[in-house]
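The values are calculated or read from the model by the stated rules, or taken from the named source; none is laboratory data. Just so we're clear, the structure is a prediction, and the values are computed from it rather than from any experiment. When we count neighbours, we look across all protein chains shown, and the Cβ atoms used for this are built from the backbone with ideal geometry, even at glycine. Accessible surface areas use protein heavy atoms only, side chains included; no ligands, DNA or RNA. Shrake-Rupley method; radii C 1.70, N 1.55, O 1.52, S 1.80 Å.
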Amino acid sequence: MSAPLTFDGRVVLVTGAGGGLGREYALAFGQRGAAVIVNDLGGDIKGGGRSSAAADQVVEEIRAKGGKAVANYDSVEDGEKLIQTALDTFGRIDIVVNNAGILRDRSFSRTSDVDWDLIQRVHLRGSFLVTRAAWNHMKKQKFGRVIMTSSAAGIYGTGQANYSAAKLGLLGLSNTLAIEGQKYNIHCNTVAPTAGSRLTETVMPPDLVQSLKAEYVAPLVLWLCHEACQENGALFEVGAGWIGKLRWERSLGRIVRQKNRSMTPEDVRDSWSRICDFSDASKPSSIQESLQTLVEVLSRVEEEREIGANPTGASAETNPSVAVGQTLPEMSFSYTHMNCILYALGVGMSTRESDHLRFLYEGHQDFSCLPTFGVIPAQSAMMGLGSVPGLDIDFTRLLHGEQYLEMFRPMPTSGTLTSRAAVADVLDKGSGMVILLDVHTFSGGQPVCYNQFSVFVVGSGGFGGKRASQKSVATAPLPDRAPDAVIVDQTSRDQAALYRLSGDWNPLHIDPSFAAMGGFKSPILHGLCSLGFAARHVLKQYAGNDVSRFKAIKVRFAKPVYPGQSLQTEMWKEANRIHVQCKVKESGDVVLSGAYIDLHSEASVGPGLPQPGGGLQSDLVFAEIERRIRDDGEQLVKKVKAVFGWEISKDGRTVREWTIDLKTGRGSLHRGASEADVTFSVSDEDFMEVVMGKLNPQKAFFAGKLKVRGNVMLSQKLEAVLKDYAKL
Ligand code: NAI
């Protein structure tokens, strides 16, 4: 058994500690080494009268056992005085247990103003005043534990309206203090106890009052107040030696509003059973989650999508076979040169360096958009994961793990881009779930770039899925030598505040209390901002800032960066691949690992890359096929053993030829015709219709849209390379 929990050096205030539960808490704290302020004004259960006897007696009991204690006889409505007693006697205050309470039971219609006000004053206002008086001391010492005392009467309702209201008010108070206190290591939890006491002897049979001992409640309160306990913002029911934790459950609900139509009470009535149906209910644990649903609903209504489906869309269970291949609604992103410039500033470009001007001044003769701006039109897809059936995602536990970006042409400096996202794979890493999200971005139907977001959802693993995926773009190990080049750049204090204006509004990067909830000491820089820094360092070092040379980037986000820290990009050149490691200079922590950037050599245009200005939609698919062969060519060759030729036409003319060789070596894909076992001729448009599953290949064949020469039977095997493109 591990060491007993002690409170040596801690100073604890227990309000209403002259009897009942408070007395039990005070004795237990005293016995375990804490110095205890035993507060009690010694009144009757309705809040009348005063006496010092109750508090004095408990102080005596603690001292008799060798403990430290002092009495305080003020009402909790004099919150400052209680804390002053702690400071005057013991010099500090570490723990506040808000326990004092009275009852004024009346049926609601007979509840007088006094009955109402007195209950609110003692329970709710008293807890507020005492806790507020302690708060700054706790903040300064970066430690505090606060307990609020609620009641089943408030949680479930009973015949005590005034009391119920105050008791549930305490839960609301606690929920917010938990958030505000987190970053100062002040935790606030709420207990709803049941125990025999003078308060309950008026409502419980005597033998129950005897059996439900206060000593069965105190151990929970002590644990919650211990420095080792990280629980914060929780609610517990406790009594008879049993403890249970409560949380909110919310039905998946139903969207009853439709675009361009007013919402009526009849709509609500007709959906009532669905609104109230708790099957597959969600368990929101933060206001962010709650808002996320509403934002999602707004866009669903706007896009007239699946009206009537549940607002989170996700089933309560993770089911990869349902999730993989799910597509998200097409996203549209319009931007001007201002967005490109704002992004460049966001990733640390400055007019201090003259070669940055081409990214910062739209009048510059080589005005360009940084290639890593390619993540911007695609990034909102990550938020869309919340609506994917088969994924059960807690957004507060979502980490951006890795990123791959491949460019098919330089980013335009303005325009409207459309992006299509699909869940490429879902992996079970035990400690969490990895979702691979592929996003293809087009401009006027032509492919611009491809992103693969790899997101890690902490604690969502263990659903029995596979651990690895061939669809994942892998990171690369660093060469075993000192870096060939190093660039150090200091991020500014406002780097994240600036970067987020490019469209990543996650409060984690700006809101200190939100960052604290995630366990960070202050808001952190966006991982994609560090990626932007590293990419422009490489572009400067090895490509003379020529954006057309940028092919692809892959990074793993290893650790957070705080705005103001310096980023040190270490680079190793191996042919057209620049291996990259990015560190925080001040700490030496690696923040981007396994990273690389692929450049086009000055003259080359590789397979899968469209000629400038002449891009075809099918180029994107062939670039994908190339990647797939690169990753898994050996297996494919074993399975397929054939060479496929493709003739892609546009406006009736063959404009592109491809050869997919899955017969020799590790397989390959190249531009141009070769001797093929089977050759397909198809227009660029029809090719896309087929791979996206909109046109059945047989039908296309019989309609003359798809022509086949050679061994037709081999077309069956094409599936091995084309599989899943319907999910592009
Ligand atoms: P209790 O009556 O034995 O203890 C409450 C103590 O608070 C009394 O000693 C009283 O003198 C003191 N007090 C009242 N007003 C005060 C004020 N203005 N300033 C300082 N001290 C004051 O009652 P019990 O059962 O121990 O209740 C403790 C807390 O637990 C209360 O907040 C009560 O509402 C709550 N509670 C108790 C339940 C139970 O089953 N005993 C059920 C649900 C909640």
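Key figures for this structure:
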{"read-out": "Pairs with Cβ under 9 Å, 6+ apart, first in segment 24-53 and acidic (Asp, Glu), second open to solvent by 40 Å² or more (accessible area, probe 1.4 Å) and near the ligand (Cβ under 9 Å from one of its atoms)", "value": "Asp40/Arg23; Asp40/Ser51; Asp40/Tyr73; Asp44/Arg198"}
{"read-out": "Hits in segment 249-286 (condition: part of a loop (DSSP other than H, G, I, E, B), in contact with a Lys or Arg (Cβ under 7 Å, 6 or more places away or on another chain) and of a type in the set (Gly, Ala, Ser))", "value": "Ser271, Ala281, Ser285"}
{"read-out": "Residue list for segment 148-179, restricted to those being part of a helix (DSSP H, G or I), more than 11 Å from the ligand (Cβ to nearest atom) and open to solvent by 30 Å² or more (accessible area, probe 1.4 Å)", "value": "Tyr156, Ala161, Ala165, Leu168, Gly172, Leu173, Asn175, Thr176, Ile179"}
{"read-out": "Residue satisfying condition, being farther than 30 Å from Pro507 by Cα, within 12 Å of the ligand (Cβ to nearest atom), surrounded by fewer than 17 Cβ atoms within 10 Å (Cβ to Cβ) and β-branched (Val, Ile, Thr), within set Val217, Val203, Val221, Val209", "value": "Val203"}
{"read-out": "Qualifying residue in segment 69-88 (condition: within 14 Å of the ligand (Cβ to nearest atom), touching a Ser or Thr at 6+ places or on another chain (Cβ under 6 Å), closer than 26 Å to Ala34 by Cβ and open to solvent by 70 Å² or more (accessible area, probe 1.4 Å))", "value": "yes"}
{"read-out": "Matching entry among Asn136, Asn189 (being among the polar types (S, T, N, Q) and either outside any helix (DSSP H, G or I) or touching a strand residue (DSSP E or B) at 6+ places or on another chain (Cβ under 6 Å) (or both))", "value": "Asn189"}
{"read-out": "Looking only at segment 654-682, and only at residues there that are closer than 21 Å to Pro697 by Cα and out of contact with any helix residue (DSSP H, G or I) (no Cβ under 9 Å at 6 or more places or on another chain), the one that is surrounded by the fewest Cβ atoms within 10 Å (Cβ to Cβ)", "value": "Thr654"}
{"read-out": "Flag for Ile93 being in contact with a His (Cβ under 7 Å, 6 or more places away or on another chain), among the aliphatic types (A, V, I, L, M) and more than 10 Å from the ligand (Cβ to nearest atom)", "value": "yes"}
{"read-out": "Identity of the residue in segment 12-27, crowded, with 24+ Cβ neighbours inside 10 Å and among the hydrophobic types (A, V, I, L, M, F, W, C), that ends up nearest to the ligand (Cβ to nearest atom)", "value": "Leu21"}
{"read-out": "Whichever residue in segment 548-564 is of a type in the set (Phe, Trp, Tyr) and within 20 Å of Ser492 (Cα to Cα) and, among such residues, is farthest from the chain's Cα centre (by Cα)", "value": "Tyr562"}
{"read-out": "Strands (runs of 3 or more DSSP E) (entirely within segment 360-451) containing at least 2 residues that are open to solvent by 20 Å² or more (accessible area, probe 1.4 Å) and touching a Phe, Trp or Tyr at 6+ places or on another chain (Cβ under 8 Å)", "value": "398-407, 415-428"}
{"read-out": "Candidate set: segment 563-593, residues that are free of Cβ contacts under 8 Å to residues at least 60 places away in the same chain and among the β-branched types (Val, Ile, Thr); chosen: the one surrounded by the fewest Cβ atoms within 10 Å (Cβ to Cβ)", "value": "Val590"}
